[in-house]
1. Would you tally the residues in segment 170-187 being part of a loop (DSSP other than H, G, I, E, B) and crowded, with 19+ Cβ neighbours inside 10 Å?
2. Hey, Gln70 hits all of (1) surrounded by 14 or more Cβ atoms within 10 Å (Cβ to Cβ); (2) without any contact (Cβ under 8 Å) to a residue 60 or more places away in the chain; (3) farther than 13 Å from Arg184 by Cα; (4) within 20 Å of the chain's Cα centre (by Cα) but one; which does it fall short on?
3. Under the condition of being over 30 Å from His103 (Cβ atoms) and out of contact with any Lys or Arg (no Cβ under 9 Å at 6 or more places or on another chain), which residue from segment 150-182 is modelled with the lowest pLDDT?
4. Just to be sure before I move on: is Arg33 out of contact with any His (no Cβ under 6 Å at 6 or more places or on another chain), outside the structural domain of Asp165 (by TED's automatic domain parsing) and modelled with pLDDT under 95 in the structure I sent?
5. Here are Thr85, Thr59, Thr93: which of them is of a type outside the set (Asp, Glu), free of Cβ contacts under 8 Å to residues at least 40 places away in the same chain and either in contact with a Phe, Trp or Tyr (Cβ under 9 Å, 6 or more places away or on another chain) or crowded, with 16+ Cβ neighbours inside 10 Å (or both)?
Amino acid sequence: MDFVTGEILYVDKPLEWTSFDVVKRLRGVILHRLHRKKFKVGHAGTLDPLATGVMVVVTGRATKLIESLQAGVKEYIATVKLGATTPSFDLETEIDATYPTAHITQDMISGVLPRFTGRIEQVPPSFSACKVDGKRAYKMARKGHEVELKPKVLVIDEIEMLGFDSESMTLTLRIVCSKGTYIRALARDIGEALGSGAHLVGLRRTRVGDVRIEDCLSVEQAVELIRNVEISFPDDEEKDI
């Protein structure tokens, strides 16, 4: 492998790891192999700590491709809990309100979901990396400040209901969407459309572009690959660096 010219690694991000945690882990092993103190390693498309799945990690000069790589269509499997909301729209924060759900049926959900396909506007979560007056929204939200974010235009190609448990009011969805889609915000909006509330309780990214979860390595498999693979160097790079 030629980490300097650039490699692209597909990793299954573990639960409760940040995207930076994955990059840091792999960068440390690459630095050791290259005998360097600094080296570019980045990722295309951030996943929240409570999400798992396909993460694209790039090295060296290939980091220039990050923008094009993260533009690929993404697929998610989302688990949504109806009848309650949280400030972050997921399990990062505690439930702040509950709502009636007795009126919600599977047919009602099937009728609502098409509203969220195609080109739509979505207000990002206040607990997000969006910037407001140069500050990250989540930093302001965590301090208790009210955050107002403007709607963003995005595209949701498909929403498929994979399952609905009427007793637990848990909805499982397959979502195919464009870059910039917040599945947490989609859960919020679906809850509102159903005359209730909702928040995300599980999220797995199963595809980025043509790369599927089946193509991914675990973090430790990626570490072992980097530790043991034969390394090559570009012509303009000295081997004993």
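1. Our first condition is that a residue be part of a loop (DSSP other than H, G, I, E, B); within segment 170-187, this holds for 178-182.
The next check asks that each one be crowded, with 19+ Cβ neighbours inside 10 Å; those that pass are 181-182.
Summing the residues that are part of a loop (DSSP other than H, G, I, E, B) and crowded, with 19+ Cβ neighbours inside 10 Å in segment 170-187 gives 2.
2. Failed condition: (2).
3. Ranking the qualifying residues of segment 150-182, first place goes to Lys150.
4. Details: out of contact with any His (no Cβ under 6 Å at 6 or more places or on another chain): yes; outside the structural domain of Asp165 (by TED's automatic domain parsing): yes; modelled with pLDDT under 95: yes.
Spelling it out, Arg33 is indeed out of contact with any His (no Cβ under 6 Å at 6 or more places or on another chain), outside the structural domain of Asp165 (by TED's automatic domain parsing) and modelled with pLDDT under 95.
5. Working: Thr85 fails: free of Cβ contacts under 8 Å to residues at least 40 places away in the same chain; Thr59 fails: free of Cβ contacts under 8 Å to residues at least 40 places away in the same chain.
Criteria check complete, one pass: Thr93.
The values are calculated or read from the model by the stated rules, or taken from the named source; none is laboratory data. Only a predicted model underlies this, so the values are computations on that prediction, with no experimental measurement involved. Positions of Cβ are backbone-derived with ideal geometry, glycine not excepted, and every protein chain shown enters the neighbour counts.
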